[in-house]
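The values are calculated or read from the model by the stated rules, or taken from the named source; none is laboratory data. These figures come from a predicted structure and were not determined experimentally. Every residue, glycine among them, receives a Cβ derived from its backbone with ideal geometry; neighbour counts consider all protein chains shown. For accessibility, only protein heavy atoms count, side chains too; no ligands or nucleic acids. Shrake-Rupley method; radii C 1.70, N 1.55, O 1.52, S 1.80 Å.
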Amino acid sequence: MAWLAAGEGYEISLVEGQVAARSTTGRAAGRQLKSLPKALKEHPEVDRLRRLSEWLDRHAAACVAQVDTWMVSSLPVPTELLARVWPDEAWQGALRDVAVVGDDPDEVGFLRDATESGELKVVNLDGETVRLSPRTVILPHPVLLPDLDDVREFAAELGIAQGVEQIHRATWQKPDTFTAGATEVRDYAGGKFPTRFSLAARATSLGYRVSGGYATCKVRDAGAGTEAAVWIGEPYYEDETTTGALSWHDENGRTVGLSDVGPVAWSEGMRMAAALYAGRKIEEGTGA
């Protein structure tokens, strides 16, 4: 961005998200200073730029969160919308190189550009840059991509660096069979935490919602809303606690049998349970 006058003899600007200053006088005129001069630290323009920087950080995080929601929920996104937000650097950082699927569900490409006319430029899995003009695109969850390992290998060859965790997102494949009537998974139950608060704090820091005694995440799978939930203990419980079972519920709060859980809901629920369990207290000498 442009350099702004701030006090006598100085100009300021945002450089890589930080307020930077340069002198406008003397031998150092036009040269960026290594640190902010003391005379500028309380200057109103400096404070304004700091608040702008904080807003830009929040905006960038919101863009990533929205793209992640589109991907986790397999929601069709209007191509016109992508074209409209693409000039915004924060949106572009979240969307660039995300895998998209247009009219042909078997054609996956990495998004490189979105024009004002609503045309998308993508690199397909043959390494060719092609132009697409579908009305909407899907940002597929990786568990839905056939030959995911091949896609990951190709992405590595291209040097793909995604702003949203998609291609290299940890995934869990749903087993083919279950015990009749099964509604819980206990693969990641029993992880010990010093307090319920510490477990809830870990869930929140990972981006999951804490409601009552559960850490939860919502997805849309095959058009239906599903919520995965891991028991983390009664609120306000102050003693040592452990992670509980993982279960799924529909939009009306009814428990979903494991055989009826969709592939995306299964993968995201297991991902949440594994991430919570990974922060457990390890008993010295046990590795468990």
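Here are the numbers:
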item: Where a residue in segment 259-278 is aromatic (Phe, Trp, Tyr) and its partner, wherever it lies, is surrounded by fewer than 24 Cβ atoms within 10 Å (Cβ to Cβ), with Cβ under 6 Å and at least six apart; result: 266/174; 277/188; 277/191
item: Any pair with Cβ under 6 angstrom, 6 or more apart, that starts in segment 217-228 at a residue that is open to solvent by less than 50 Å² (accessible area, probe 1.4 Å) and ends at one that is of a type in the set (S, T, N, Q) and modelled with pLDDT of 85 or more; result: 219/73; 219/226; 227/216
item: Matching residues, segment 133-157, being closer than 12 Å to residue 110 by Cβ, more than 19 Å from the chain's Cα centre (by Cα) and surrounded by 12 or more Cβ atoms within 10 Å (Cβ to Cβ); result: 151, 154
item: Candidate set: segment 234-267, residues that are of a type in the set (Gly, Ala, Ser) and under 26 Å from the mean Cα position of the chain (by Cα); chosen: the one surrounded by the most Cβ atoms within 10 Å (Cβ to Cβ); result: 265
item: Residue under evaluation residue 271, criteria (1) surrounded by fewer than 15 Cβ atoms within 10 Å (Cβ to Cβ); (2) modelled with pLDDT of 95 or more, criterion not met; result: (1)
item: Pairs where the first residue, in segment 1-18, is on the phi < 0 side of the Ramachandran plot and the second is open to solvent by 70 Å² or more (accessible area, probe 1.4 Å) and of a type in the set (Gly, Ala, Ser), C-beta under 9 Å, 6+ apart; result: 8/39; 10/39; 11/5; 12/5
item: Per-region count, segment 201-237, residues out of contact with any Ser or Thr (no Cβ under 6 Å at 6 or more places or on another chain) and not in a strand (DSSP E or B); result: 17
item: Residue check for residue 47: acidic (Asp, Glu) and more than 21 Å from the chain's Cα centre (by Cα); result: yes
item: Residue within segment 49-71 that is outside any helix (DSSP H, G or I), open to solvent by 80 Å² or more (accessible area, probe 1.4 Å) and more than 28 Å from residue 171 (Cα to Cα) present; result: no
item: Pairs, first more than 25 Å from residue 127 (Cα to Cα) and at pLDDT 95 or above in segment 76-103, second part of a strand (DSSP E or B) and open to solvent by 40 Å² or more (accessible area, probe 1.4 Å), C-beta under 8 Å, six or more apart; result: none
item: Every pair of residues 6+ apart whose Cβ atoms lie under 6 Å, when the first sits in segment 175-192 and is under 12 Å from residue 261 (Cα atoms) and part of a loop (DSSP other than H, G, I, E, B) while the second is modelled with pLDDT of 90 or more and open to solvent by less than 60 Å² (accessible area, probe 1.4 Å); result: 178/258; 182/258; 183/247; 183/257; 184/245; 184/247
item: Counted residues, segment 168-200 - those being more than 17 Å from the chain's Cα centre (by Cα) and closer than 22 Å to residue 62 by Cβ; result: 0
